[in-house]
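Scroll down for the structure; my scribbles are underneath it.
The values are calculated or read from the model by the stated rules, or taken from the named source; none is laboratory data. Here the structure is a predicted model, which is why all the values come from computation and not from measurement. Glycine gets a Cβ as well: all are built from the backbone with ideal geometry, and neighbour counts include every protein chain shown. Areas reflect the complete protein model, heavy atoms only, side chains present, ligands, DNA and RNA absent. Shrake-Rupley method; radii C 1.70, N 1.55, O 1.52, S 1.80 Å.
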Amino acid sequence: MTDNSLDRDGFSSDVPTDMPRHEPSRPDDDSASRKPMPFIDLAQQRCRLGDRIDRAIQRVLEHGHYIMGPEVRQLEESLSEFCGAKHALTCSNGTDALGLILMALEVGPGDAVLCPSFTFAATAETIAWFGATPVFVDILPDSFNMDVASLEAAIRTAKARDLKPVGVVSVDLFGQPADFDRIEPVCKAHRLWLLSDAAQSFGAAYKGRKVGTIGVATATSFYPAKPLGCYGDGGAVFTDDDGLANIMTSLRVHGQGTDKYDNVRVGLNGRMDTLQAAILIEKLRIFPEEIERRDRVAARYNAGLKDVVRVPELIEGATSVWAQYTIAVPADRRDGLARGLKERGIPTAIYYPVPLHRQTAYRSYPVAGNGLPVSERLADEVISLPMHPYLEEREQDRVIEAVKAELRRAT
Ligand SMILES: Cc1ncc(COP(=O)(O)O)c(C=O)c1O
């Protein structure tokens, strides 16, 4: 992180909700042009949805079904309709969503599950929960997503260690789906299931396939700073497989069977609160339009910055929900750029400064082949810029001009 006031997902929780946001700034007014802007502006969306969210919360307070109330089912139907998955099950958070799927797939000791190292900890953490071994895979420098050559190397690495490769957890980093046309044939050839960690990409699509319908199951997160976020923790799993959906429905409530007091498997308490579901129902209504706005911001950033930094590239046929807008700069320029932008009131964040295979808890797990050079290099080069649907053009221009000005400065 380059700014301690930002949490791990980079939204400033101390952004005052009454902060004036639409004042025109005069180009010659230096104080206005240095006024701090939020990294993710949840307050503007809150203003836009104000009454609708208030009424949704009020309805829950009135009926009082705080756990598994009617809004939970209603949201699941809307989510399933939105992405086209046969089953959508809400749950407590994105980490538990991954855990529910891995539990249903019965991963355990001796199993190797291949996943990127350049991701948030939950991707590998949930594999380790069950005694299985995460085997880390490298990424491609342009898309930040899984490199299939490294995936093949990781399968060989796992086998050389007497582990049984059972599945792949792909990650759609920063909002763009992984390159599934390349990953799926490898899974098929090695009889591996594919779990899509779509915590950052819900709402995106890959060659006409909506995120939520790819792989044996998909996990997503509704953490507040995610493109579709609630006002606390929340997540969901998606699958077209009836059997898997039934098992996850049971696992989500302590492994309960048809008789509520006969638990038929060991599960967890993984339900989403009714209040969060009620909030998400309202947010989902405006989500498609918000995705378009995000796309416009990214397109303008790309146009303004492509000549001075490495801008994010979409693979052909993919759309992104731009959970982050992440550029790459030479490693020796990054800290100076972050500092300079901060002085100009522009927050930045680093996702991720240390790849998982270099972190204390994950250091002992295997990495593909001879290592993960791209993940290690990008950890020193990436920097994410403010991104949200309500970022006005003049604010985008301010960011673009500031990045250019800082990079023009001698080191
Ligand atoms: C790639 C990835 N996977 C999993 C998660 C976990 O989601 P949650 O914070 O809702 O548990 C996150 C959240 O940041 C994520 O970015």
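Near VAL367, the amide H atoms lying under 5 Å from its own belong to PHE136; only residues 5 or more places off or on other chains count, and H is placed 1.01 Å from N. For TYR66 and TRP129, the difference between the fully extended length at 0.36 nm per residue and the C-alpha to C-alpha distance is 19.8 nm. Solvent exposure of the chain, expressed per residue, is 42 Å² of accessible area, with all protein chains present and a 1.4 angstrom probe. Our coupling estimate for region 302-308, obtained by passing each phi through the Karplus curve with A = 6.51, B = -1.76, C = 1.60 and θ = phi - 60°, is 4, 4, x, 10, 4, 7, 10 Hz, Gly and Pro reported as x.
Pull out a ≥ b ≥ c, the square roots of the eigenvalues of the alpha-carbon gyration tensor of region 118-179, then state rounded if a/c is under 1.5, prolate if not and a/b is larger than b/c, and oblate in the remaining case. Cα axes put region 118-179 in the oblate bin.
Mean residue ellipticity, 222 nm, helices only, the chain: the sum of -39500 (n - 2.57) across DSSP H runs of n ≥ 4, divided by residue count and rounded to 500, is -12500 deg cm²/dmol.
Spin-label pair ALA405-VAL264: with each label point 7 Å from Cα along the Cα-Cβ axis, the two points sit 6.5 nm from one another. Take the Cα of LYS159, go 7 Å toward its beta carbon, and the backbone nitrogen atoms of region 175-191 under 16 Å from that spot belong to 186-191. The share of C-alpha pairs in region 66-164 whose separation exceeds 16 Å stands at 66 percent.
Restricting attention to the chain, the count of lysine pairs at 8 or more positions apart or across chains with alpha carbons under 27 Å apart stands at 25.
Shape of region 353-411 from the C-alpha gyration tensor: prolate (a/c of 1.5 or more and a/b above b/c, with a ≥ b ≥ c the square roots of its eigenvalues).
With an a/c value of 1.5 or above and a/b not larger than b/c for the gyration tensor axes a ≥ b ≥ c computed over the alpha-carbon atoms, the chain is described as oblate. Loop-located trypsin sites (Lys or Arg not before Pro) across region 321-411 with a Cβ neighbour count of 16 or fewer within 10 Å are ARG363, ARG409, with loop assigned by DSSP.
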